[in-house]
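Report on the following structure.
The values are calculated or read from the model by the stated rules, or taken from the named source; none is laboratory data. Note that this is a predicted model, so its numbers are computed, not measured. Neighbour counts are summed over all protein chains in view; Cβ atoms, including those assigned to glycine, are modelled from backbone coordinates with ideal geometry.
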Amino acid sequence: MKLIQVLGPGCAKCTEAARIAAEAVAESGVEAKVEKVEDIQKIMEFGVFSTPAVVVDGKVKVVGRVPSKKDVAAWLAEA
Amino acid sequence: MASLAAWFLVYGQLVPFSRWLTYDLLGLARGSHLGDAVEFFAYDTPKVLLLLTLVVFGVGLLRSFVTVEWTRRVLAGKRESVGNVLAALLGVVTPFCSCSAVPLFIGFVTAGIPLGVTFSFLIAAPMVNEIALILLYGLLGWKVAALYFVTGIAVAVVAGFVIGRLRMERHVEDWVLKIRAGEAHVAEAMSWKGRVRYALESVRDIVGRVWKFMVVGIAVGAGIHGWVPEGQLAGIMGSEAWWSVPLSVLIGIPMYSNAAGVIPVVEALLAKGAALGTVLAFMMSVIALSLPEMVILRKVLRPRLIAVFIGVVGAGILLVGWLFNVVVA
């Protein structure tokens, strides 16, 4: 079970990033949970200063932009 | 490459195209009100769209090299003054949206970047933007665009420096100082293919978002171009009316629009005889001092510091307005 965390204090682009992540998970069939992280302290702990950012299993994958569905699918396919 | 060549080919054909469309295809009389307006619209709309696409693509490529995390590291070791100038310039090229002002602010503070330097960045980022620059260039010429760029940077540098001198650190909310940031995430270097894709995405995102504002704005400009007599506004927004500068700054603060919506209005005002300084002050006030951004910043700053921020930036814009009205007139 993979964990995808979408970091962002609730801006439009962060919501879009979360939606894309959820769609990519549904389409890939990989078992994964998508979680939104809105708490600033937690976002800071990842060393992320621009949002949205996406974290897969604790590893920061993208910062400051909305990933494409293809990006998310590729991360899901990794080990 | 091929698309770049096509771009120049199309760009070169704009004048004949707009004339052909207006006078041959639509059969409008040369020199008529409607003819003037339609020719202006048929020329300006594709021209500005083409310029916008090219510039947003170029800036997108540039931005694929610059991240907030990188900017934070560059600014971390800098003192005031040098730091203020650097922060203002980086504010222009760093990808930034006011919705992520809070994480950015905290990121800068936790890196030990002085408050004034952080403010130089926060002022320059929305105020000097590439869309405004290209629209000013396309509609009003390179001199106005250059003036806007230089004075925008100057206001950000000086306002940030003043805020730094005022020692406002204790007016930052306490919880901000308690935050422990993790090791900054350093993104893997993108491939050139990735950079081009990133730039194309930003073209789709930005041009897709602003083209409607632009077309409406150019239509208003076209109407004015065709019908409104020159010098209409000279009395109230001309350079003689000194009070029109503070008034336009005040009117600009509660207004919130992106640059694409403001600049055609700017062009319309200028065409009616408003003074350049007054109009520039209005534009800077609309895009640099916005209520939604203040609400976001309120989470990390106490009201006193927000007030100082508005006051110092507003004063800077005022000076720019007056300066231009004196120099240009």
Just give me the residues in segment A:1-11 being more than 12 Å from every other protein chain (Cβ to nearest Cβ) and either of a type in the set (Asp, Glu) or not in a loop (DSSP other than H, G, I, E, B) (or both), in sequence order.
A:Lys2, A:Leu3, A:Ile4, A:Gln5, A:Val6
Among residues of segment B:113-127, those that are more than 14 Å from chain A (Cβ to nearest Cβ) and modelled with pLDDT of 85 or more, counted
8
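Just a yes or no: is a residue in segment A:26-42 part of a loop (DSSP other than H, G, I, E, B), within 18 Å of B:Val68 (Cβ to Cβ) and either away from every other protein chain (no Cβ under 11 Å) or of a type in the set (D, E, K, R) (or both)? So that I can check it myself, show each step before the final result.
Of all residues in segment A:26-42, those part of a loop (DSSP other than H, G, I, E, B) come to A:29-31, A:38-39.
Restricting the remaining residues to those that are within 18 Å of B:Val68 (Cβ to Cβ) gives none.
No, the conditions are met nowhere in segment A:26-42.
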How about segment B:46-141: which helices (runs of 4 or more DSSP H) wholly inside it have at least 3 residues that are polar (S, T, N, Q) and under 24 Å from B:Trp175 (Cα atoms)?
none
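Name the residues in segment A:12-25 that are within 13 Å of chain B (Cβ to nearest Cβ) and either surrounded by fewer than 19 Cβ atoms within 10 Å (Cβ to Cβ) or of a type in the set (Phe, Trp, Tyr) (or both), would you?
Initially, segment A:12-25 is screened for residues within 13 Å of chain B (Cβ to nearest Cβ), giving A:12-17, A:20.
Across segment A:12-25, the qualifying residues are A:Ala12, A:Lys13, A:Thr15, A:Glu16.
Being assigned to a helix (DSSP H, G or I) and in contact with a Pro (Cβ under 7 Å, 6 or more places away or on another chain), is that true of even one residue in segment A:47-69? Quick ask: steps written out before the conclusion?
Just the residues of segment A:47-69 that are assigned to a helix (DSSP H, G or I), to begin with: A:69.
Those left that are additionally in contact with a Pro (Cβ under 7 Å, 6 or more places away or on another chain): none.
Scanning segment A:47-69 turns up no residue that is assigned to a helix (DSSP H, G or I) and in contact with a Pro (Cβ under 7 Å, 6 or more places away or on another chain).
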Any chance segment B:209-222 includes a residue that's crowded, with 18+ Cβ neighbours inside 10 Å and modelled with pLDDT of 80 or more?
no
Kindly list the number of the only condition in (1) modelled with pLDDT of 75 or more; (2) within 24 Å of the chain's Cα centre (by Cα) that fails for B:Trp242.
(2)
Top-ranked residue in segment A:34-45 [being over 10 Å from B:Gly107 (Cβ atoms) and touching a Gly at 6+ places or on another chain (Cβ under 8 Å); ranked as surrounded by the fewest Cβ atoms within 10 Å (Cβ to Cβ)]:
A:Glu38
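I'm trying to understand the selection: among the residues of segment B:184-197, which are at the interface with chain A (Cβ under 7 Å from one of its Cβ atoms) and at pLDDT 70 or above? Break it down into steps so the answer makes sense when it comes.
Our first condition is that a residue be at the interface with chain A (Cβ under 7 Å from one of its Cβ atoms); within segment B:184-197, this holds for B:184-185, B:187.
Matches in segment B:184-197: none.
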Output the residue which, of all residues in segment A:46-57 that are modelled with pLDDT of 85 or more and surrounded by fewer than 20 Cβ atoms within 10 Å (Cβ to Cβ), is nearest to A:Gly8 (Cα to Cα).
A:Val56
Output for segment B:280-311, where each listed residue is farther than 14 Å from B:Met127 by Cα, modelled with pLDDT of 85 or more and of a type in the set (Val, Ile, Thr)
B:Val300, B:Ile306, B:Val308
For B:Leu34, only one of the following conditions fails: (1) at pLDDT below 85; (2) crowded, with 17+ Cβ neighbours inside 10 Å; (3) aliphatic (A, V, I, L, M). What is its number?
(2)
Mind counting the residues in segment B:1-31 that are surrounded by 13 or more Cβ atoms within 10 Å (Cβ to Cβ) and without any contact (Cβ under 8 Å) to a residue 24 or more places away in the chain?
7
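Name the single residue that is farthest from A:Val6 (Cα to Cα) among those in segment B:70-126 being hydroxyl-bearing (Ser, Thr, Tyr) and under 21 Å from the mean Cα position of the chain (by Cα).
In the first step, residues of segment B:70-126 are kept if they are hydroxyl-bearing (Ser, Thr, Tyr); the result is B:71, B:81, B:94, B:98, B:100, B:110, B:118, B:120.
Filter once more, so that each one left must be under 21 Å from the mean Cα position of the chain (by Cα): B:71, B:94, B:98, B:100, B:118, B:120.
Details: B:Thr71: 23, B:Thr94: 21, B:Ser98: 18, B:Ser100: 14, B:Thr118: 26, B:Ser120: 29 Å.
If we take residues in segment B:70-126 being hydroxyl-bearing (Ser, Thr, Tyr) and under 21 Å from the mean Cα position of the chain (by Cα), then B:Ser120 is farthest from A:Val6 (Cα to Cα).
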Within segment A:39-75, restricting to residues that are within 12 Å of the chain's Cα centre (by Cα) and of a type in the set (Asp, Glu), the one that is farthest from B:Gly91 (Cα to Cα) is A:Asp57
Candidate set: segment B:55-99, residues that are under 17 Å from B:Val109 (Cβ atoms) and in contact with a strand residue (DSSP E or B) (Cβ under 9 Å, 6 or more places away or on another chain); chosen: the one nearest to the other protein chains (Cβ to nearest Cβ)
B:Val68
For segment B:293-315, what are the residues that are within 16 Å of the chain's Cα centre (by Cα) and either more than 16 Å from B:Leu166 (Cβ to Cβ) or buried (at least 23 other Cβ atoms within 10 Å of the Cβ) (or both)?
B:Glu293, B:Val313
